[in-house]
Amino acid sequence: MTTATTPVRTAARPSVPAVGARRRRSGLRKRLELALLLGPALLLFAGFVLVPIGIAAFYSLFKWNGFGPLDEFIGFDNYVDAFSGTVFQSAIVHNLIIAGLSIVVQLPLSIGLAMLLNRKLRGRAVLRALVFAPYVLSEAITAVIWVLMLQPNGFADQVLKGAGLGGLVHQWLADPGIVLYTLFAVITWKYIGFGIILLLAGLQGVPAELREAAALDGASAWQTTRHVVLPLLGPTIRIWIFLSVIGSLQLFDVVWIMTTGGPANASTTMATYLVDHGFKRYEFGFGSAVAVILFVICFVFALLYQRFALRRDTQGALTRMVG
Amino acid sequence: MRSRRFGLSVGYLAAIVVLGVTVVPLLFVVLGGFRSNAQLNNDPAGLPGPWISDNYASVLSSGSFWTFLGNSALIAVIATGVAVGLGSMAGYALSRYQFKGREGLYTLFTLGLLFPLTVATLPLYLWLRQLGMLESFWGVAIPEAAFSLPVTIVILRPFMHAIPGEIEDAAVLDGASRLGFFWRILLPLSTPALTTVAVLAFVTSWNAYLLPLLVFNDSAHFTLPLGVATFQSQYSQDTARVLAFTALSMIPALAFFVLAERRIVGGLTGSVKG
């Protein structure tokens, strides 16, 4: 315990014993201050974030409906049940499909749109604000808007027919083969603004001189993009991928409101599976096991990603590349 | 030169497409609220003709919309106040005090960025039930504040850390205690970062769906997102009224966004860069 932040000690320096006493007193005072400053936040964080997650791990070892006594210890049976159930397996696959599609579809789209919005188009500021607007709407409102748009013979179908694309019309939310992709489109509509804003901020960090130098060296627009702009966007892209995968793994609100995971579990995600079993079927032990699995998947992904992808960014890769 | 002009026109074309995809659903909702169900059934993508204001009028006079709006506002204000208040205190301690375990504590809070509410939701529900906080605004606001703490601290700590030590020395020489320095100098200097975290906490709480869904059974306590989703399933036959209700529910978020755009965007990019 040192008190490096208190110049009081150095301001006045009387006899040695007095300093010791004062230091002790100020040490006690500092501890009190720390307890006062940190205590409430720690209490709140532990009480409502850390401990519930820990308790979920505990409950997951029991067969329990959330009401009676917690006495039916079954070890890891809930985990075995979850992993051997086809619905949960498909839920994991659905989460992975959404995460994969995000990287393959949303990312290139966001990069393209960010580059577009970075140009000197007229009305660019308005365009930026509007592209970002869906992101500020809640998931609930987004879901309701699209349920209404996608009603059979509704707005979306009529627009498609009007454009001569009537053959594309589907039971958007009722066809098990389509529903996951419909949801992905809705998610893209809502979140693309977020990616664009991030990438626009990243693009601002690409020095114009570098592009000019590349152009002077005879690089085409595509070559400049590929070899100058994209590498410099690397850190932003890696952060985006991280957030996007974590978000995809935890997907809940939009799916729950639009399909509740249906039809026939075709759009079940790990989170809707968890809420369905926990709160609708009162399988608190089993639901907790699912929660722990979801947490471990997110956590392991975060650790691995941090280790293998993000570390480059914290080691000044950007400055090395520029320099 | 020609290729540049070509690039620009492609740019404008793409811009128009993007604009259409973004804005048309919003326009559909707003304009749909001015139509009747018969109009919507005959021609889902048409314009109002004649314009009907009954749907909006009935939603605005029904009371439930205002109840949901008030509940959302109350919960968001409490959650934001608690998150920013406790977060700034913790941020101060973690940025300008030296003590053992400081980095460990900070890492613990940053780990919280990874903890999804979904994972904690079952025990959290039981915990709130035990504390008698079901059906209570606190039962939603307090956990939301707790889950907002990580991002609050992650943004505030570097900001507070960057405020020069000379200012602190000067304050101390002028007789300020450490807590006095925090209250009278550091907090005012941190206004930009505080605004950012406040906006983020507010928006998170405002948009939350899962927690209110679990905590509230009584529709008198519903928040706007919960209310919109419930209203939609309740009145699914009366599409025009659902559209009007949804359109009105979008207004606060969009208005807030227009007012706080810089803060929201700055907070997002800032929080990501950590």
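Protein heavy-atom accessible surface, 1.4 Å probe, per residue over segment B:90-187: 39 Å². Interface B-A: total buried accessible area of about 8100 Å², 1.4 Å probe, protein heavy atoms only. Mean per-residue shielding of peptide B:17-23 is 5, counting Cβ atoms of other chains within 10 Å of each Cβ. Kindly provide the helix-only [θ] at 222 nm of chain B, computed as the sum of -39,500 (n - 2.57) over DSSP H runs of four or more divided by all residues, to the nearest 500 deg cm²/dmol? So the helix-based figure for chain B works out to -25500 deg cm²/dmol. In chain A, the DSSP-assigned H stretches of four residues or longer account for a calculated mean residue ellipticity at 222 nm of -20500 deg cm²/dmol, using -39500 (n - 2.57) per stretch and the full residue count as denominator. Taking the centroid of alpha carbons for each part, segment A:152-190 and segment A:254-288 are 23 Å apart. Between the listed residues A:Gly66, A:Phe83, A:His94, the Cα displaced farthest toward the positive end of the dipole of segment A:23-98, a dipole computed from Cβ unit charges relative to the Cα centre, is found at A:Gly66. Evaluating kT/(6 pi eta Rh) at 4 °C and 1.567 mPa s, with the Kirkwood radius of the protein assembly as shown over Cα pairs in the Stokes-Einstein relation, gives 49 µm² s⁻¹.
Computing FRET efficiency as 1/(1 + (r/R0)^6) for A:Ala221 and A:Asp71, where r is the C-beta to C-beta distance and R0 is 60 Å, gives about 0.30.
In this structure, the amide hydrogen of A:Phe62, modeled 1.01 Å from its nitrogen in the peptide plane, lies closer than 5 angstrom to those of A:Ile74, counting only residues at least 5 positions away or on a different chain. Among the residues of A:127-135, the average count of other protein chain beta-carbon atoms within 10 Å of the residue beta-carbon is 6.
Counting, for every residue in B:190-197, the Cβ atoms of other protein chains within 10 Å of its Cβ and taking the mean gives 0. Extension gain, A:Ala174 to A:Val93: 0.36 nm times the residue separation minus the Cα-Cα distance gives 27.2 nm. 3J(HN,Hα) along segment A:192-198: 5, x, 4, x, 5, 4, 4 Hz, from the Karplus curve 6.51 cos²θ - 1.76 cosθ + 1.60 with θ = phi - 60°, whole Hz, x for Gly and Pro.
The figure for B:Ser62 is an accessible area of roughly 70 square angstrom, using a 1.4 Å probe on the protein chains alone. Simple point charges give the picture: +1 on the Cβ of Lys and Arg, -1 on the Cβ of Asp and Glu, and for the protein assembly as shown a dipole about the Cα centre of about 2460 debye. For B:Ala57 and B:Ala73, the difference between the fully extended length at 0.36 nm per residue and the C-alpha to C-alpha distance is 3.6 nm. Across A:Phe252, A:Phe308, A:Phe62, mean-square fluctuation computed from a Gaussian network of chain A (C-alpha pairs under 10 Å connected) peaks at A:Phe308. Each of B:Gly49, A:Leu44, B:Gln130 was placed along the dipole of the protein assembly as shown (beta-carbon charges, centred on the mean Cα), and the one lying farthest toward the positive end is A:Leu44.
Solvent-accessible area assigned to carbon and sulfur over the protein assembly as shown amounts to 65 percent, based on a 1.4 Å probe. Solvent-accessible surface of chain A, taken per residue with a 1.4 Å probe and all protein chains present: 48 Å². The heavy atoms of B:Tyr209 present about 20 square angstrom of accessible area, all protein chains included, probe 1.4 Å.
The values are calculated or read from the model by the stated rules, or taken from the named source; none is laboratory data. What you see is a predicted model; the values in this text were computed from it and never measured. Virtual Cβ from ideal backbone geometry, glycine too; neighbours counted across all protein chains shown. Note: accessible area is taken over every heavy atom of the protein model, side chains too, but ligands, DNA and RNA are not part of it. Shrake-Rupley method; radii C 1.70, N 1.55, O 1.52, S 1.80 Å.
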